[in-house]
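Read-outs throughout are calculated quantities, based only on the coordinates presented, and are distinct from any laboratory measurement. It should be emphasised that the depicted structure is a prediction, and the values quoted were computed from it without experimental measurement. Every residue, glycine among them, receives a Cβ derived from its backbone with ideal geometry; neighbour counts consider all protein chains shown.
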There are 4 protein chains.
Amino acid sequence: MSKRLHIFTTGGTIDKVYFDALSEFKIGEPAMDAILREANVGFTYDLTSLMKKDSLELTDADREAIRAAVNASDAKHILITHGTDTMAKTAEVLKDISDKTIVLTGAMQPARLRSTDAIFNVGFALSAAQLCAPGVYIAMNGRVFEAGAVRKDREAGKFVAD
Amino acid sequence: MSKRLHIFTTGGTIDKVYFDALSEFKIGEPAMDAILREANVGFTYDLTSLMKKDSLELTDADREAIRAAVNASDAKHILITHGTDTMAKTAEVLKDISDKTIVLTGAMQPARLRSTDAIFNVGFALSAAQLCAPGVYIAMNGRVFEAGAVRKDREAGKFVAD
Amino acid sequence: MSKRLHIFTTGGTIDKVYFDALSEFKIGEPAMDAILREANVGFTYDLTSLMKKDSLELTDADREAIRAAVNASDAKHILITHGTDTMAKTAEVLKDISDKTIVLTGAMQPARLRSTDAIFNVGFALSAAQLCAPGVYIAMNGRVFEAGAVRKDREAGKFVAD
Amino acid sequence: MSKRLHIFTTGGTIDKVYFDALSEFKIGEPAMDAILREANVGFTYDLTSLMKKDSLELTDADREAIRAAVNASDAKHILITHGTDTMAKTAEVLKDISDKTIVLTGAMQPARLRSTDAIFNVGFALSAAQLCAPGVYIAMNGRVFEAGAVRKDREAGKFVAD
């Protein structure tokens, strides 16, 4: 099986930047490219920016677009960066794709922050995307969860088994 | 199989700090603790600092000490941070431990640098340590290599299959 | 004249942190303390957190409270961190304090970002607070402006002489 | 008097980068450019890289070259980045230039480190270079010292009045 990897970005906290003009954080360009360059990765990959949305704003149509894009990719290994609030929901939508290893990750703190979980999470999830059996997974907080058996615990600020 | 994880640090570039008094970089306290805290990991682990050495200075006795410590751990999942120059050699020494998943990682740029591969690598390697079958692996540059089939390509600044 | 320095923080972008629970940036604890520790400064200072507000939310009563606090300080050298949008307005309110050197600064990008103007600005402003003649100044973008002759150019993302 | 500023870099810890191939830190490209871009400074300046040396390696000829370059500049405001160990010595050599404000600064920790005094120091020193009367100064640890009355206290890791 080809180790080829396709990375899709959909927005979320991981990609937030601070706009002084608006005095607020908005989704910016995907941080993925900078993260992979800094990590000096030795594998080839495709990188597709699907949308730039807070995951609370993702519609059913958006999720369907993500599903269609993943399905259309000829890569067997898929990484998706996604806002954390509805990551579990999108993971469930992807479950009918049976022949790929699909891993979703994101961050609680933007990648542009000096202190962030984003870089660790991307590293962690990329490993899972290469190593896990076909299926849909969420890789957060240093753990790999199966889609359908995971939720974000807002109070704890962590993903936990459901 | 228990997912319990034991992390050993041995030094290497990943842990280098700058000592103004000496005008040079030396191995400092392991960066691992700060990395895991920042990543807000949701698994439990043991953390043991075995030595603080440049990997070019590691002796056969040091490697034997690493092997003995890993062997004595009751964890089935082992992560070792290690200097990159002789990481492949230490990996080979560990190959006679057959019932554990042992992953070595490190960094080309110190974790204390603003731009570093250390955090990505630790995330990537921790995932591999949880997911790979028992055996000895090197996780560097976003790839998982089996011990005995990997070397550091100094010119390219990357680990490659051997 | 004593070189004693009193630093007041009032909030603004410089102190913003990202709250995942709210999916937004809010004013957090002042970044000043961390900045001064990292800079390993060799002078003594008092540090007072007056308020934690976006400068667009500062009321006349807030400005009066800032004025009263600065006036009551027995230090001759004053640094105030402040949101950028109404920094020029607060500077004008302080102009009737005639026997102190008062310098306002802030940041266009939060100090907690990996890439920020906050640390440079604090360093720059602290120097101005020590060196300028009594009066009220804004120290931003590597320049010292006199109160009453400066405005924020939102488009350019810079303070300019007015 | 023109506020025009000329910045000279000579090397030192501030510009150190980590070379994995050598397993050591060496002077790299000046960090100044990146620092000024990140600070989004609103003044014009000239930037000249004179040498890339640890200050312990600076010879009398090097100091004479620095003196000549500063003397030849038509700017009245001069900032020099310099290694800390012999910064005080170079400052003394520059004392016969009487019509310029010359400020030396540097860092105890490389600018490329995640935690560094470099950015603060450059901000602080740039302010001093604009504000001080003609003369030669060292701006370190948040203080402005006159040349000839300052030394580096290695134990304390700080510059102190001599």
Surrounding net charge for A:LYS26, when Lys and Arg each add one and Asp and Glu each subtract one, Cβ distance under 14 Å: -2
Can you give the mean number of other chain Cβ atoms that lie within 10 Å of the Cβ atoms in peptide B:95-108? 1
What lysines could a cross-link reach from B:LYS26, if we take a straight Cα to Cα line under 21 Å and drop same-chain neighbours fewer than 8 places away? B:LYS16, B:LYS52, B:LYS53, D:LYS16, D:LYS26, D:LYS53, D:LYS158
Hey, any idea what the orientation-averaged projected area of the convex hull of the protein assembly as shown's Cα atoms comes to, in nm²? 30.0
Can you give the log10 of the normalised intensity I(q)/I(0) at q = 0.20 Å⁻¹, computed with Debye over equal Cα scatterers of the range C:1-117? -1.11
Can you bin the range D:76-162 into rounded, prolate or oblate? Criterion: square roots of the alpha carbon gyration tensor eigenvalues sorted a ≥ b ≥ c, rounded for a/c under 1.5, prolate for a/b above b/c, oblate for the rest. oblate
Using per-residue counts of other Cβ atoms within 10 Å, averaged over each peptide, order C:121-128, A:44-51, D:75-82 from highest down. C:121-128, D:75-82, A:44-51
CD proxy, 222 nm, chain B: helix-only mean residue ellipticity via -39,500 (n - 2.57) per DSSP H run with n ≥ 4, per residue, nearest 500, stands at -7500 deg cm²/dmol
Identify the residue of chain D whose Cβ lies closest to the rotation axis that maps chain D onto chain A, and give that distance in whole Å. D:ARG114, 4
Every other copy gets compared here: list the nm distances from the B:ASP74 label point (7 Å along Cα to Cβ) to its counterparts, shortest first, one decimal. 5.2, 6.3, 7.9
Taking Cα atoms, the helix C:118-131 axis meets the longest principal axis of chain C at an angle in degrees (rounded to 10) of 0
Peptide D:15-25, shielding by other chains (average Cβ, 10 Å cutoff): 5
Quick calc: nm separation of the 7 Å Cα→Cβ label points for C:ALA156 and A:LEU56 -> 3.7
Which distances in nm, rounded to one decimal and ordered from shortest, link the label point of B:ALA133 to the equivalent label points in the other identical copies, with labels set 7 Å from Cα toward Cβ? 1.3, 8.0, 8.1
All-pairs alpha carbon distance profile, the range A:1-51, 5 Å steps from 0, percent: 5, 18, 23, 20, 16, 9, 5, 3, 1, 0
Evaluate peptide D:127-136: per residue, the Cβ atoms of other protein chains within 10 Å of its Cβ; return the mean as an integer. 4
Copies of C:LYS89 compared via label points 7 Å along Cα→Cβ give distances in nm, shortest first, of 3.8, 5.5, 6.7
